[in-house]
Amino acid sequence: MNKIIISSDSTCDLTPETIKKYDIKICPISIILGGKEYHDTVDVNAEQVLDFVKSTGTLPKTSAIGQAVYEDYFTSLKAEGDKILHFCISSKASSCVNQARAAAETVGGVTVVDSYSLSSGQGIQILRAADMLAEGKSLEETVKFIEENKTKVQISFVVDTLDFLHKGGRCSSVALVASKVLKIHPSIAISDGALAVKKKYMGSSMQRALTQYVHDTAAEYRNYDDTRVFVTHSPADPALVELVKERVKAEFDFKEIIETTAGSTVTSHCGYNTIGIIFYTK
């Protein structure tokens, strides 16, 4: 058969169109809403997660994919190909990597990558792997590149409000109140595999904050890989999304711009109007 299957946890936030185009297989994580378990992207989406938070005032819980689930999932994929290349959300955010690697040892023929990222930071690595395999690169060459360059993935978001981060225990009540008084829109980046506040845009509208964010990002990363960029957002005002896309076109020169909606994981932590750009640096 000699086919390599590319797979990922649902935390990669790739669009259905992109998943179909590159034939990516998806293993959904579990989302717990009000004590009931749902499967991310299968029977629950970001809008429903936000509706739950709005109506209950509590954040949903996520559950890592267990070893037994991975074993069944990998075994079913082995019927379609000889080898599997599976991408997981950062090990700093979830135990999925450990569970997947334990399952891979049992099933055999499965390579598990710790993306050291999440959302489109995970997704952009998947598409790079798909590109390389399509170009005739071996699985070993592809994995080597992904592992050596995962820290070159620039992923950040601007958050409209700290309400959701506060509910999740990621910011204090003092910081929440200050953000409302000073109209702070923080940018959140992945640093060392975990979420961290990068900048704070103060005293401005979300439009001005996003414009400055794209400009600052372009100024910081002049040596970037122009293959593609993701504009990733939670459920958001379409005008804000279009603004970011237009500013990206003005400040950068990417060959491809992919717009995608963040899934339940990012949305549940960051809330409405969270928008970011993700790309490889050189």
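Residues in region 56-88 that are aliphatic (A, V, I, L, M) and not in a loop (DSSP other than H, G, I, E, B): how many?
5
Tell me yes or no: at least one residue of region 8-16 is assigned by TED's automatic domain parsing to the domain that holds ILE89, over 17 Å from GLN122 (Cβ atoms), not in a loop (DSSP other than H, G, I, E, B) and not acidic (Asp, Glu).
No: zero hits.
Please give the number of the condition SER90 fails out of (1) small (Gly, Ala, Ser); (2) surrounded by fewer than 17 Cβ atoms within 10 Å (Cβ to Cβ); (3) in contact with a Ser or Thr (Cβ under 7 Å, 6 or more places away or on another chain).
(2)
Which condition from (1) of a type in the set (A, V, I, L, M); (2) modelled with pLDDT under 95; (3) in a helix (DSSP H, G or I) is the one that LEU133 breaks?
Tallying (1) of a type in the set (A, V, I, L, M); (2) modelled with pLDDT under 95; (3) in a helix (DSSP H, G or I), LEU133 fails exactly one: (2).
Tell me which residues, restricted to region 224-253, are small (Gly, Ala, Ser), under 27 Å from LYS150 (Cα atoms) and buried (at least 17 other Cβ atoms within 10 Å of the Cβ).
SER234
Condition check ((1) touching a Gly at 6+ places or on another chain (Cβ under 6 Å); (2) assigned by TED's automatic domain parsing to the domain that holds CYS12; (3) at pLDDT 95 or above) across all residues:
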{"site": "SER55", "(1), (2), (3)": "no, yes, no"}
{"site": "TYR70", "(1), (2), (3)": "no, yes, yes"}
{"site": "ALA79", "(1), (2), (3)": "no, yes, no"}
{"site": "LYS92", "(1), (2), (3)": "yes, yes, no"}
{"site": "ARG101", "(1), (2), (3)": "no, yes, yes"}
{"site": "ASP114", "(1), (2), (3)": "no, yes, yes"}
{"site": "ILE124", "(1), (2), (3)": "no, yes, yes"}
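Only one of VAL42, VAL49, VAL112, VAL53 is without any contact (Cβ under 8 Å) to a residue 60 or more places away in the chain and outside any loop (DSSP other than H, G, I, E, B); which?
VAL112
Among the strands (runs of 3 or more DSSP E) lying completely within region 181-282, list those that include at least 3 residues that are within 25 Å of ASP9 (Cα to Cα) and at pLDDT 95 or above.
229-233, 257-261, 275-280
The values are calculated or read from the model by the stated rules, or taken from the named source; none is laboratory data. On a predicted model such as this, the values are computed, not experimentally measured, just so you know. In this analysis, Cβ positions are derived from the backbone assuming ideal geometry, glycine residues included, and neighbour counts consider all displayed protein chains.
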